[in-house]
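Let me begin by presenting the structure, written as structure tokens, before commenting on it.
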Amino acid sequence: MKLAIASLLFGSSAAFSPALSGNKFTSSTQLSARKPFISGNWKLNPQTKDEAIALAGAIAGAVNEESPDADVALFVPYVFIESVMEKVGDWINIGAEGVCPEMAGAYTGAISAPMLKSVGVQWALAGHSERRVIYGETDDYINAQCLKLIEQDMSVMLCIGESLAEFEQDLAGSVCAVQLKKGLKGIAKEDLDKVAIAYEPVWAIGTGKVATPEIAQSVHATCRAIIADMYDQEAADAMRILYGGSVTPESVDDLMSQPDIDGALVGGASLDAEKFGRIINFKTKVAA
């Protein structure tokens, strides 16, 4: 099946085109209507432009006509965006790791949505746990990021997820509900095609731990139910919900075989072209 990636580069209106027609899961969430989305978040890596170009080129080399029909993106440091875009061409969408909700003014070090758009960026992350915890970005600030990106006809990947303590207290659903409702506040149903959700259990980010496919599926189904409550079932069925939390070549197939897991937001493994290439080329499993 040929890889249909270019549609992502020109907006996300085609983001929910039919995919995974061979998937034999039966799900009320209509997985076949949601195109898988595999993405990497480079964070504060690599250290030089040359390393970034080489890594991006090697990753792009893993995308071929035999790859799954999926959207693929890399969220990279601002300074590497244009160089990496030039290297990968239309094979992979290059996004930003964040954005300032302000348009202009005395905000030293900030990068605005129009700045990103002017260099060809379509997607940006918002709400990543490291931004929430280390930089103190609040739900209101994250919501402002989402709204500003959509206002600029760009797309946002809203990251949500609970801490280990919250998970152990069975609060994952409650935490995700709060973060979803606050993050999506003011976003109309007709703009949800510009949104993807990344569920990232904070306790699994960068730790090597990964939620079992069953745990991840349960939380994803809960998130979809929350979106249905906020909007309607049609909106919930269309929303792509990615899993992020130490996704590896060894775990991706089982994760991607779950009916409510529509992709992955990959951290450490996206810095290894061989590993990320295997994740891009995931294989869904047939339900027993």
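The values are calculated or read from the model by the stated rules, or taken from the named source; none is laboratory data. Remember, it's a predicted structure, so these values are computed and weren't measured experimentally. When we count neighbours, we look across all protein chains shown, and the Cβ atoms used for this are built from the backbone with ideal geometry, even at glycine. For accessibility, only protein heavy atoms count, side chains too; no ligands or nucleic acids. Shrake-Rupley method; radii C 1.70, N 1.55, O 1.52, S 1.80 Å.
Listed values, structure above:
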{"read-out": "The chain: relative contact order in percent, alpha carbon pairs under 8 Å with at least 6 residues between", "value": "23"}
{"read-out": "CD proxy at 222 nm, helix term only [per DSSP H run n ≥ 4: -39500 (n - 2.57); per residue of the chain; nearest 500]", "value": "-10000 deg cm²/dmol"}
{"read-out": "Globularity ratio of region 108-219, using Cα Rg and 2.2 N^0.38 Å", "value": "1.11"}
{"read-out": "Placed amide H near Ala198: partners under 5 Å, 5+ positions off or other chain", "value": "Leu158, Cys159, Ile160, Leu242"}
{"read-out": "Ranked by how many other beta carbons lie within 10 Å on average, peptides 260-266, 130-136, 120-126 from highest", "value": "260-266, 120-126, 130-136"}
{"read-out": "Percent RCO, i.e. relative contact order, over region 144-258, from Cα pairs under 8 Å lying at least 6 residues apart", "value": "29"}
{"read-out": "Rg/Rg_globular for the chain, with Rg_globular taken as 2.2 N^0.38 Å and Rg from C-alpha atoms", "value": "0.91"}
{"read-out": "DSSP beta bridge pairing in the chain, given as percent antiparallel to the nearest 5", "value": "0"}
{"read-out": "Kirkwood-type radius of region 32-124, with distances r between different C-alpha atoms, in Å", "value": "14.1"}
{"read-out": "Local net charge near Lys87, Cβ-Cβ under 14 Å (Lys/Arg +1, Asp/Glu -1)", "value": "-4"}
{"read-out": "Whole-number D in µm²/s for region 177-288 (Stokes-Einstein; Kirkwood sum over Cα pairs; 25 °C, 0.890 mPa s)", "value": "168"}
{"read-out": "Modelled label reach - Asp140, point 7 Å along Cα→Cβ, region 147-186 residues with backbone N closer than 18 Å", "value": "147-148, 178-186"}
{"read-out": "Efficiency of FRET from Cβ geometry, Glu65 and Ser174, R₀ 51 Å, rounded to 0.05", "value": "0.70"}
{"read-out": "Residue of Thr108, Thr48, Thr212 that the Gaussian network model of the chain assigns the largest fluctuation, springs spanning Cα pairs under 10 Å", "value": "Thr108"}
{"read-out": "Accessible surface of Glu51 - all protein chains present, 1.4 Å probe, nearest 10 Å²", "value": "90"}
